[in-house]
Amino acid sequence: MAALRAAIAADERDGVVPVAVVGTAGTTDTGAIDPLGDLAQVAREHGAWFHVDGAYGLIAAASPARRPAFAAVADADSVIVDPHKWLATGAGCAATYVRDAGLLPRAFAQGAATYQQESSFSSEEDDAVVQFDSAGIPYMDMGVELSAPSRGVLAWAVLRELGRAGVAARVERHIGLARHLAQRARQHPRLELLLEPELSIVCFRYAASDAVNAEILLRLRRTTRSIPSSTVVAGHLAIRPCFINPRTRLADVDALVDHVTAIGDELTGAQPG
Ligand SMILES: Cc1ncc(COP(=O)(O)O)c(C=O)c1O
């Protein structure tokens, strides 16, 4: 928050208008949730747009236990969530919500093309006699795509199958897997937990150099079925699993920990036990 306030103050000193404040509800690297309420407040103070990037994390708000951290999403001017992440829709599907939908046509509408005039879609929905009289909500005027596939149906199908309770259960199960891994890393003498997981991402490492951890990642990838990504936390290379796959089980999490310790022990000559 201090860095944001300082950046805005510097902009204002330089005569630069602070246009927008963007908060992240579940960061890509660590799954951290920004203090969204404080960000909303700063945006309001400066008349700036407040956007929330919930691409990965916002689905967690389906779980009553996680909802408080996302409360200030209600104050956002716009928010996005990617159903292709935690809802595992399989094909890319990003959802954008804006408080004032009237802004979108102002930004994106290009005006009716000649081929559209009078041929169809000319009526308001209320006046439509047959379905071809109306195109429904004019999504072609609300984004960069003119003809867009019906990606939303993927999210609809997953939500329809799982329901609100099912989504919440999935989120809690994945957060449980992250906490289980964190607990094992905390307890193991040769593993380090770099951050307490806030959602379903865990950042941990074998207690050795970055080079050893890089080699562990390479061997995991080449010789096991545990293939996490990595990041850097406080200057240290971190092994970074992100649990969003509906098929991941506790045994998979334990296998990752066992592989990391076995490979690390082999590389460093540490005695297992
Ligand atoms: C917080 C966040 N925002 C945005 C993105 C971009 O996602 P996409 O390009 O799949 O919409 C990611 C991807 O990991 C993310 O974690």
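The values are calculated or read from the model by the stated rules, or taken from the named source; none is laboratory data. Everything numeric in this text was worked out from a predicted model, so none of it was measured. Note that we place each Cβ from the backbone using ideal geometry, even for glycine, and neighbour counts take in every protein chain shown. What goes into the accessible areas is simple: the full protein's heavy atoms, side chains included, and nothing from ligands, DNA or RNA. Shrake-Rupley method; radii C 1.70, N 1.55, O 1.52, S 1.80 Å.
At a glance:
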{"read-out": "Built amide H within the under 5 Å cut-off of THR24, gap 5+", "value": "ASP34, ASP53"}
{"read-out": "Using θ = phi - 60° and Karplus 6.51 cos²θ - 1.76 cosθ + 1.60, couplings along the range 251-268 (whole Hz; Gly, Pro as x)", "value": "4, 5, 5, 4, 4, 4, 4, 5, 5, 4, 5, 5, 5, x, 4, 5, 5, 9"}
{"read-out": "Net +/- balance of residues flanking ARG164 in space, Cβ distance below 14 Å, scoring K and R +1, D and E -1", "value": "+2"}
{"read-out": "DSSP-defined beta bridges in the chain - what % are antiparallel, rounded to 5", "value": "65 percent"}
{"read-out": "Average accessible surface area per residue within the range 1-150, 1.4 Å rolling probe, Å²", "value": "59 Å²"}
{"read-out": "Calculated FRET efficiency for the pair GLN271/TYR97, C-beta based, R₀ 45 Å, to 0.05", "value": "0.25"}
{"read-out": "Accessible area of TYR115 in the full protein assembly, 1.4 Å probe (Å², nearest 10)", "value": "150 Å²"}
{"read-out": "Centre separation in Å (Cα based) which lies between the range 43-93 and the range 208-261", "value": "27 Å"}
{"read-out": "Long-range HN-HN contacts of LEU191 with modeled amide H, under 5 Å", "value": "ALA207"}
{"read-out": "Simple label model, 7 Å out from Cα along Cβ direction - GLN183 to VAL232, nm", "value": "3.3 nm"}
{"read-out": "Local electrostatic count at LEU193 - Lys and Arg +1, Asp and Glu -1, tallied over other residues with Cβ under 10 Å", "value": "+1"}
{"read-out": "Charge sum, other residues only, whose C-beta stays under 15 Å from HIS46's C-beta, Lys/Arg counted +1 and Asp/Glu -1", "value": "-4"}
{"read-out": "Carbon + sulfur, % of accessible area of the chain - ligands and nucleic acids excluded, 1.4 Å", "value": "55 percent"}
{"read-out": "Rule-of-thumb Rg ratio for the chain [Cα; 2.2 N^0.38 Å; N residues]", "value": "1.26"}
{"read-out": "Rounded to 10°, Cα long-axis angle of helix 2-13 versus longest principal axis of the chain", "value": "40 degrees"}
{"read-out": "Helix-only mean residue ellipticity at 222 nm for the chain, each DSSP H run of n ≥ 4 adding -39500 (n - 2.57), per residue, nearest 500", "value": "-12000 deg cm²/dmol"}
